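Take a look at the structure below.
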């Protein structure tokens, strides 16, 4: 009888711990869901996106990426004050300076064609916010290690970055469409492989917005999740063709080597 009571107490404790764990998980999930962050997608909308977040980065799977965009999760302007959409392109720092990168934005309350401006120096340490001189008041952090982890995730070497940014006006994420971008002007849309496409929501440039020094510098109200950052990668078929070509080259080289060794053996005999 005492053993039975002991087991009952044990099962009661186990059940209580399990219930508390489930409650904590549900609260955590709710908190995660209500956290507004930006996420990149390939194509005209998240619903038809041809690329997906793999937990570390979002590979484009194609270059040039002829249309892409950003949505907010959940899609609303919750917590924002007069937001300003800032498109950010990070090129591997080995790329020549002074690239002309032009995009035309539309949907989600934005419009216009903008040629992105290259910032001085190289983003090689710390956070993107610090490099750009922004005061963060919301959204996920953007340390350089997170961007580099995305590069290594796709088999590229981790690099420092040349940073180009362009302002596309005030987004409205409550509309039926999200901000999308296509190459504009003479820009063909071809970026160096392992380049990153990112977005920030800036402003206001006056008022406290939670921090006293936001009246002096531009606030960063929201940013792209590191895993939702777009990384420029080739098409899988291109990788397959390259791999096939390398395999074929290696096969022919080995075949020629065998013939030479065979010839030498016959001569020696």
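Name every residue in segment 118-145 that is in a strand (DSSP E or B) and over 20 Å from the mean Cα position of the chain (by Cα), in order of residue number. Walk me through how you get there before you give the answer.
Narrowing segment 118-145 to residues in a strand (DSSP E or B): 118, 123, 127, 135-136, 143.
Selection gives 135 alone.
Which number in (1) within 19 Å of residue 203 (Cα to Cα); (2) at pLDDT below 95; (3) surrounded by fewer than 20 Cβ atoms within 10 Å (Cβ to Cβ) marks the one condition that residue 186 misses?
Result: residue 186 fails condition (1) only.
Please go through segment 43-72 and pick out each residue that is in contact (Cβ under 8 Å) with a residue 60 or more places away in the chain and more than 15 Å from residue 182 (Cα to Cα).
46, 51, 53, 54, 55, 56, 57, 58, 59, 61, 71, 72
For segment 88-111, enumerate the residues that are in contact (Cβ under 8 Å) with a residue 24 or more places away in the chain and assigned to a loop (DSSP other than H, G, I, E, B).
Of the residues in segment 88-111, the ones in contact (Cβ under 8 Å) with a residue 24 or more places away in the chain are 88-95, 97, 99-111.
Those that are in contact (Cβ under 8 Å) with a residue 24 or more places away in the chain and assigned to a loop (DSSP other than H, G, I, E, B): 93, 94, 95, 97, 99, 100, 101, 108, 109.
Could you tell me which of the residues 162, 129 is in contact with a strand residue (DSSP E or B) (Cβ under 7 Å, 6 or more places away or on another chain), within 27 Å of residue 66 (Cβ to Cβ) and in contact (Cβ under 8 Å) with a residue 40 or more places away in the chain? Break it down into steps so the answer makes sense when it comes.
Values: 129 fails: within 27 Å of residue 66 (Cβ to Cβ).
When all the criteria are applied, what remains is 162.
The values are calculated or read from the model by the stated rules, or taken from the named source; none is laboratory data. These numbers were taken from a predicted model, which means no experiment stands behind them. Neighbour counts run over all protein chains shown; Cβ positions are idealised from the backbone, glycine included.
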